[in-house]
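The values are calculated or read from the model by the stated rules, or taken from the named source; none is laboratory data. Just so you know, these numbers come straight off a predicted model, no measurement behind them. Every residue, glycine among them, receives a Cβ derived from its backbone with ideal geometry; neighbour counts consider all protein chains shown.
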Amino acid sequence: MDWELFLSSLWPIVQGGLTGTIPLSLASFALGLVLALLVALMRLGGSRILAGAARAYVSIIRGTPLLVQLFVIFYGLPSVGVVIDPWPSAIIAFSLNVGGYAAEVIRAAILSVPKGQWEAAHTIGMSRRQALQRIILPQAARVSVPPLSNTFISLVKDTSLASLILVTELFRQAQQIAAFSQEFMLLYVEAALVYWVFCLALSGGQSSLERRLGRYVAH
């Protein structure tokens, strides 16, 4: 193994993760969560039209590959006159993908809250909206933390697909160094190790967040 190349390329790859992969993941996940909450509430609402539209969206997102979704937005839309730069294209694609998967997680979490919590909220004069904001969602948040954390960790790894539309992130940085040095195995293994370290750090933060939200669980 060329340890000199390994060490000299480590920081550029890590830097690609810190300035590309992590910001891309955070932005996409935040927007995806907002979208997921809206979709989940649409499915749980009383409107059949909105519920049907939400189900169709989830079905399309979950039934098509993320790579295809990314290519449709970046390479497909220009054919109909809509041109989006690489970074926004990646954020849109990843946000839509997260929204489709996280919507079902949030919906299941809301449904897992005992019905007695709704009844108690109505008894003290809360509207449905107030009950949702102050009682139901905080409890549902605790339940949804583990699966949503897994979704985020998967997203961090999936951002490597953004290299295919010329977004400079962790994996693209490794690709560029590998193309120059011709040490493909070394650089790709190094990139895999950096992804692994990132995911270990994120997994460690998951437990802390679960403990903080634990006080909202109904017993």
Quick one: Val156 ticks every box in (1) out of contact with any Ser or Thr (no Cβ under 8 Å at 6 or more places or on another chain); (2) within 19 Å of Ala27 (Cα to Cα); (3) not aromatic (Phe, Trp, Tyr) except a single one, so which number is it? (1)
Lone qualifier among Val189, Val194 - being crowded, with 17+ Cβ neighbours inside 10 Å and aliphatic (A, V, I, L, M): Val194
Give just the number: which of (1) under 19 Å from the mean Cα position of the chain (by Cα); (2) exposed (fewer than 14 other Cβ atoms within 10 Å of the Cβ) does Leu166 not satisfy? (1)
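Out of the range 169-183, which residues are loosely packed, with under 13 Cβ neighbours inside 10 Å and either in contact (Cβ under 8 Å) with a residue 40 or more places away in the chain or outside any loop (DSSP other than H, G, I, E, B) (or both)?
Ala179, Phe180
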So for the range 204-213 (the condition being among the basic types (Lys, Arg), modelled with pLDDT under 90 and out of contact with any helix residue (DSSP H, G or I) (no Cβ under 8 Å at 6 or more places or on another chain)), does at least one residue qualify? yes
Cβ-Cβ distance below 6 Å, separation of 6 or more or different chains: which pairs start in the range 134-159 with a residue that is over 14 Å from Leu37 (Cβ atoms) and end on one that is charged (D, E, K, R)? Val145/Glu210; Thr159/Glu169
Thr123 among the β-branched types (Val, Ile, Thr), farther than 22 Å from Val34 by Cβ and free of Cβ contacts under 8 Å to residues at least 60 places away in the same chain: yes
Tell me which helices (runs of 4 or more DSSP H) are completely within the range 1-78 and hold 2 or more residues being of a type in the set (S, T, N, Q) and in contact (Cβ under 8 Å) with a residue 40 or more places away in the chain, or say none if there are none. 3-16, 22-44
